[in-house]
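Colleague: I'd like to ask you about the structure that follows.
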């Protein structure tokens, strides 16, 4: 069975879930255009998740992908939080922010009993996870619904682990990909590699469909991924400036700038490495730093800085998530972006 | 004109020059099989270079590529050399090596007046450089011969620079590639990215042929690179175990092992970052370290350690150059490897 048939879509094309820069509107538009739209749940409260799911169900009956992070929330660590706030203190002073007034707290929710119960009410065709898979009992609840389970691998070893644990589709996440790296078996980033090397090795190692992700920006990229043995592709960055995305105006401007800075992997914004355009915070603290507390606790102390800087028209403290190939970014309806990408699939029939 | 026509080969396929693991034999075999064979000159004395060139000319009249490094030799730095020898002292003691008896000196030669004069006697179809291009007067001597000039770019900015300086063909070197990174405009490795993102952006930025390099191991990889807009491909790792390569038996065994370690970028072996399989030295000193002296001065103090360890059957101190996709490595005549790769080019005619 082709992956598109399995997914119930026109093409084996997944609009990558991108927490913080999209909601149901982009997912709906991608689904209607023939792709698998994705709703990222990591930054949604249970009620917001229910509302977004209701919006999708009211708009389309097409299959969609519901995405969760499945990290474990770390214990609060007062010393780590104090270290992080001390590192940010000069910036807080610069913007007149009272650090005492900033609440600590996680910036991302993991998949849990409460969200599993919500999933059971909507029965999405696909449920995807980032950072591995949830604990077996929770995963079993998802699989019992008949949902296809997807997760990202950054190495062949992670791909094998996901397949052994029951993932139906594995996403080979090349080092080019924007946003959070999905690694979960090893913290060492040096074992991760570009899609050209990762994808064919994951395809060879597994007996199930592999989605290619990272650096795919247009029909040529889709064709190349399919030539390397992918069953389909997952594309994020090309949708960041879509009309239906909620990407803010400063982030959009940065993505579309002719002289945009390069990207780098940084753990400053959440505590885990993620790829984004280099900005002031990354330059001044170093993009990969021992200063932030454990994921996802880094976000809280940055939130008022980000808000104050953005109000002044600056992206100095904003996560500007972006893959290494932003040439597909354009301000257009998501349907146009889907159709452009879909030209890269081999002709059917 | 197609790139194969320009190169005078059957396919737009370049056997990557790999100093230290190949000489004229692999270049000749690749040329005879219809690819552009390459002779790496970086580790050859002028006389050895003359001998290798004579061997090629005696064996084939087909076009070939003569490759040089074009670094500037650093001033000797006694403090840096002492620091490096202190870091290696425990290993020297372990192997009973007298550090006083180790001569210092460069491990790689740059292109210079003497080698330029040798090039003028052989007039190769292609001359390629690594680490940018030589000074304008030397480059002009090469171009005056009618040779096609190639060099590697690790970023779009480097690709534009090479084209502006007169490179006829630019190699987009994805982060997956084995051996030395070719960067020359910026030392910061974080701006470099995988081939999937780099290649289409370099193709779009230039008005001349772009070769794809990094992670291409088989016909599927060739087809994918061509789909992304490459005019041809350069492949190294897949030739490392070819019958005609001079890769040592321990290096070959490591490349073909089912449980090979991952690769990493390391500057320990020469002073510049290069990709190879992780081994003891990389694990114990950290693959990217402030300890080694400037390129190419790191090699000297390691040479007797490497020799002693290899004599004992160990690769603890050997550079095990390897790209991120070693699935194409096999012990076969180079012609077989060329023909397998060539199946990935679009059918002609």
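Colleague: Which ones in region A:302-326 are crowded, with 17+ Cβ neighbours inside 10 Å and over 12 Å from residue A:254 (Cβ atoms)?
Modeller: If the condition is that a residue be crowded, with 17+ Cβ neighbours inside 10 Å and over 12 Å from residue A:254 (Cβ atoms), then A:302, A:304, A:305, A:306, A:308, A:309, A:317, A:323, A:324, A:325 are the ones that fit.
Colleague: Can you find, within region B:288-298, the residue that is nearest to the other protein chains (Cβ to nearest Cβ) among those that are in contact with a helix residue (DSSP H, G or I) (Cβ under 8 Å, 6 or more places away or on another chain) and crowded, with 21+ Cβ neighbours inside 10 Å?
Modeller: B:292
Colleague: Within region B:44-72, how many residues turn out to be under 16 Å from residue B:131 (Cα atoms) and surrounded by 17 or more Cβ atoms within 10 Å (Cβ to Cβ)?
Modeller: Going through region B:44-72 one residue at a time, the tally reaches 6.
Colleague: Among the listed residues A:196, A:184, which satisfies the condition of being in contact with a helix residue (DSSP H, G or I) (Cβ under 7 Å, 6 or more places away or on another chain), part of a loop (DSSP other than H, G, I, E, B) and at pLDDT 95 or above?
Modeller: So the residue among A:196, A:184 that is in contact with a helix residue (DSSP H, G or I) (Cβ under 7 Å, 6 or more places away or on another chain), part of a loop (DSSP other than H, G, I, E, B) and at pLDDT 95 or above is A:184.
Colleague: When region A:205-224 is examined, which residues are found to be assigned to a helix (DSSP H, G or I) and within 7 Å of chain B (Cβ to nearest Cβ)?
Modeller: Matches in region A:205-224: A:220, A:221, A:223, A:224.
Colleague: While we're here: Within region B:263-284, how many residues are touching a residue at least 60 places away in the same chain (Cβ under 8 Å) and within 14 Å of chain A (Cβ to nearest Cβ)?
Modeller: Qualifying residue count for the region: 6.
Colleague: Does region A:260-300 hold any residues that are at pLDDT below 95 and more than 24 Å from residue A:102 (Cβ to Cβ), and which are they?
Modeller: Scanning region A:260-300 gives A:260, A:261, A:262.
Colleague: Related question: Taking the criterion of being closer than 25 Å to residue B:219 by Cα and in a loop (DSSP other than H, G, I, E, B), would at least one residue in region B:287-299 satisfy it?
Modeller: No; the residues of region B:287-299 include none that is closer than 25 Å to residue B:219 by Cα and in a loop (DSSP other than H, G, I, E, B).
Colleague: Hey, does region B:300-322 have a residue that's under 17 Å from residue B:236 (Cβ atoms), within 14 Å of chain A (Cβ to nearest Cβ) and touching a residue at least 60 places away in the same chain (Cβ under 8 Å)?
Modeller: yes
Colleague: Quick one: which of A:121, A:115 is in a helix (DSSP H, G or I) and within 23 Å of residue A:270 (Cβ to Cβ)?
Modeller: Unique residue meeting the criteria: A:115.
Colleague: Hey, another quick one. Taking residue A:194, is it crowded, with 24+ Cβ neighbours inside 10 Å, at the interface with chain B (Cβ under 7 Å from one of its Cβ atoms), without any contact (Cβ under 8 Å) to a residue 24 or more places away in the chain and closer than 24 Å to residue A:320 by Cβ?
Modeller: yes
Colleague: Here's something else I'd like to know. Please go through region A:89-120 and pick out each residue that is under 26 Å from the mean Cα position of the chain (by Cα) and at pLDDT 95 or above.
Modeller: Listed by number, the residues that qualify are A:111, A:112, A:113, A:114, A:115, A:116, A:117, A:118, A:119, A:120.
Colleague: Scan region B:227-254 residue by residue and report those that are in contact with a helix residue (DSSP H, G or I) (Cβ under 6 Å, 6 or more places away or on another chain), part of a loop (DSSP other than H, G, I, E, B) and within 25 Å of residue B:280 (Cα to Cα).
Modeller: Matches in region B:227-254: B:240, B:241, B:245.
Colleague: Have a look at B:158, B:176, B:187 and point out the one that is under 19 Å from the mean Cα position of the chain (by Cα), within 14 Å of chain A (Cβ to nearest Cβ) and more than 23 Å from residue B:216 (Cα to Cα).
Modeller: That would be B:187, the only listed residue that is under 19 Å from the mean Cα position of the chain (by Cα), within 14 Å of chain A (Cβ to nearest Cβ) and more than 23 Å from residue B:216 (Cα to Cα).
Colleague: So which of A:48, A:82 is without any contact (Cβ under 8 Å) to a residue 60 or more places away in the chain and not assigned by TED's automatic domain parsing to the domain that holds residue A:217?
Modeller: A:82
Colleague: Looking at B:9, B:5, can you tell me which residue is within 27 Å of residue B:225 (Cα to Cα) and without any contact (Cβ under 8 Å) to a residue 12 or more places away in the chain?
Modeller: The conditions single out B:5.
Colleague: Tell me whether region A:271-286 contains one or more residues that are buried (at least 24 other Cβ atoms within 10 Å of the Cβ) and either assigned by TED's automatic domain parsing to the domain that holds residue A:18 or over 17 Å from the mean Cα position of the chain (by Cα) (or both).
Modeller: yes
Colleague: Please go through region A:311-332 and pick out each residue that is over 22 Å from the mean Cα position of the chain (by Cα) and not in a loop (DSSP other than H, G, I, E, B).
Modeller: Within region A:311-332, A:311 is the sole residue that qualifies.
The values are calculated or read from the model by the stated rules, or taken from the named source; none is laboratory data. None of these values were measured; they are calculated from a predicted model. Every residue, glycine as well, gets a Cβ built from its backbone with ideal geometry; the counts of neighbours run over all protein chains shown.
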